[in-house]
1. Partner chain Cβ atoms within 10 Å, averaged over the residues of A:178-189 - can you pull that number for me?
2. Aspartates and glutamates within cross-link reach of B:Lys136: Cα-Cα under 19 Å, excluding same-chain residues under 8 positions apart?
3. Let me see the P(r) profile for the protein assembly as shown: every Cα-Cα distance counted, bins of 20 Å, each bin given as a percent of all pairs.
4. Could you sort the peptides B:310-321, A:28-39 by per-residue average Cβ neighbour count (10 Å cutoff), highest mean leading?
5. Hey, got the Cα dimensions of segment A:91-210 along the principal axes, in Å, largest first?
6. Percent relative contact order of segment B:123-215, based on C-alpha pairs within less than 8 angstrom and at least six residues apart?
7. With the contact rule set at Cα under 8 Å and sequence spacing of 6 or more, what percent relative contact order holds for segment A:91-210?
8. Expressed as a whole number of Å, what is the distance separating the alpha-carbon centroids of segment A:1-63 and segment B:362-416?
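We did not get these values from a lab; they are worked out from the coordinates using the rules stated. Quick caveat, the model's predicted, so the values are computed rather than measured. Note that each Cβ is placed from the backbone with ideal geometry, even for glycine, and that neighbours are counted across all protein chains shown.
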Amino acid sequence: MSTKQQLIDAIADMREDEALQLAQQLLEAGTAPMEILEACRDAMAIVGQRYEQGEYFLPELVIAGDMLTAIGERIKPLLQAQAVSTAKKGKVVIGTVQGDIHDIGKDIVAFMLDVSGYEVIDLGVDVPASAFVDKLQESQAGILALSGFLTLAFDQMKHTVEAVREAGLRDRVKIMIGGAIMDDSVRHYIGADAYGPDATAAVRLANLWTGG
Amino acid sequence: MANSMDKSPQELYQERVQRIKDAVALKTPDRVPVFGPYQLFPYLYAGVTLREAMNDYAAARRACHKFLDDFQPDCDFGPILAYPAKPMETLGLKWFKWPGHGLGDNTIYQYVEGEYMTADEYDEFIFDPSDFMLTKWVPRSFEGLKGFAHFPTQRRMMWSGWMGLGAFASGEMQESFRVAVEAGKQINEWWASIAQYNSEAMAKGFPIAYAAFDWPPFDIIGDTLRGTRGILGDIRRRPDKLLQALEIATRIFIEYGSGAAGAELPLCWVWVHKGTRNFMSDEQFKTFYWPFLRRGLLALIEKGIIPVVYWEADIENRLEHIVDIPPGKAIYHIAQTDIAKAKAVLGGTVCIMGNVPNALLLAGTPDDVKAYCKMAIDVAGKDGGYIMDTAVMLDEAKPENVKAMFEFTREYGVYR
């Protein structure tokens, strides 16, 4: 089995130390950094599938995310020399709405969208409606993902959707919402396009909207 | 049923206590009880900002009295969930943001995720949890108590150990003691307000809904020590250390909850954070979460305490495991879980509470709320063993919807 395939298996099977060693070995053997990143992406696709199938849960996503970050940190300095442009399926602006500082669910959705080939612009937590609008305008992103854990998020999300409409962006921006106590009736109240109960649903929605 | 106006507060008090005890014992009470832990709602309803309630304890009591008078819950939380801002400021509490301290005046306080115990500190925690908390966790959690990082190790005080007391002479340590004394006085002012309110509520005929608060062993380690990301990674990275720490946390769990022993209504609220459907696999739940929580619950039940396990999100896939406790001794609060499935599995074992969607209470109409409550009473309330409550703690909601939940339950929830 090639070292690259070993790396894919090690990441997908959560053998963290081994994965980092293999990535290092590949680098030292002169493997192109882009190839290593592609292997990581293949591995993440397997992790994503296992999550979707209910074999993996948050512990595995946390560890997969950490492995990706650790390997990425070693590789990124080497990448800057090359002109890297990986084709992305689309841009997603994501954030937790104003007044709410919960980030775990939002981070997982951002991570899953990222490994599924989207350019994810994460505005963090406690994000005012105007910041979402500004970023949508600047980035020309076609998808807005709003996260919230508290009931206060209902009205903040509604307010954000209205702000997107007032800015004249509503026709070209699809809006998804998610978070602990959200459901389809909340989506209706807010005026968003879709509600997703988990990170897998977020990816499915994005794929549906971009044809990706 | 006689009109409640005909009864003395003492009679109403006893009636309410009995109603809840009957529901817990899976007997048929006179009617479905209705109450819950409400966070922001009583203050929003009374027009008192949360910031005021956390700073002006008389204002908090006033708001809670208004809620009590207007909604007549079977049990009451009072102002305990409006935490005292003054000592939080004095201590420099780092793992919360609250109104006036990073959040707006009417935004519920929120936890700031972090690793307040690092991965390599498990052994230290396992060896001497108290010393770890005092010299590591406390200084990291409270800016004003950082001097306690140098607190002499008490387990080594014998023989020449006391000679380490020189640490007390440092300026940093003295400053931390000064902060502790000041915060202590401020916390006592708040407790005096809570005690005053509780005796006033009881005089009006309302039992107090809590005798203790508790957290599952996994969440004791996960919430404020390792953090969510930390503990979820530990499940795979250092399972043995985590299991050892969970043994310690189980003892701490029993200690927290035991304060409820001997109370007239010994309800101990167990706030479940990371055990619900999406956090971990079934196998991980059966290994790291449930056995420790179950052992702790059994120990509390043994002491005559009624645990109210506040399952905060969907637990449909956990029902088959969590049904394994003695019948008629506990309440399981549920949220976003199919109530019919919950009743089918848990019905003969625990009293079910909750599940009225908070989204419905905010965005729905009184008729929507009544329709949900009717379904809940018909399904979960059949032959008793059910308490009406919101799915999660109530913040923003339309008052008429909350009234609909209370009034409909008092009418339709009567067992005939």
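1. For this peptide, the per-residue mean of nearby foreign Cβ atoms is 4.
2. Those aspartates and glutamates meeting the cut-off are B:Glu113, B:Glu115, B:Asp120, B:Glu121, B:Asp123, B:Glu124, B:Asp128, B:Glu172, B:Glu175, B:Asp219, B:Asp223.
3. For the protein assembly as shown, the binned pair fractions read 17, 50, 29, 4, 0 percent.
4. On the way: B:310-321: 19.2, A:28-39: 15.1.
Peptide ranking by packing, descending: B:310-321, A:28-39.
5. 31, 29, 23
6. Working: 58 pairs, mean separation 17.6, N = 93.
Relative CO of segment B:123-215 lands at 19 percent.
7. RCO, segment A:91-210: 28 percent.
8. Value for the Cα centre distance between the two parts: 49 Å.
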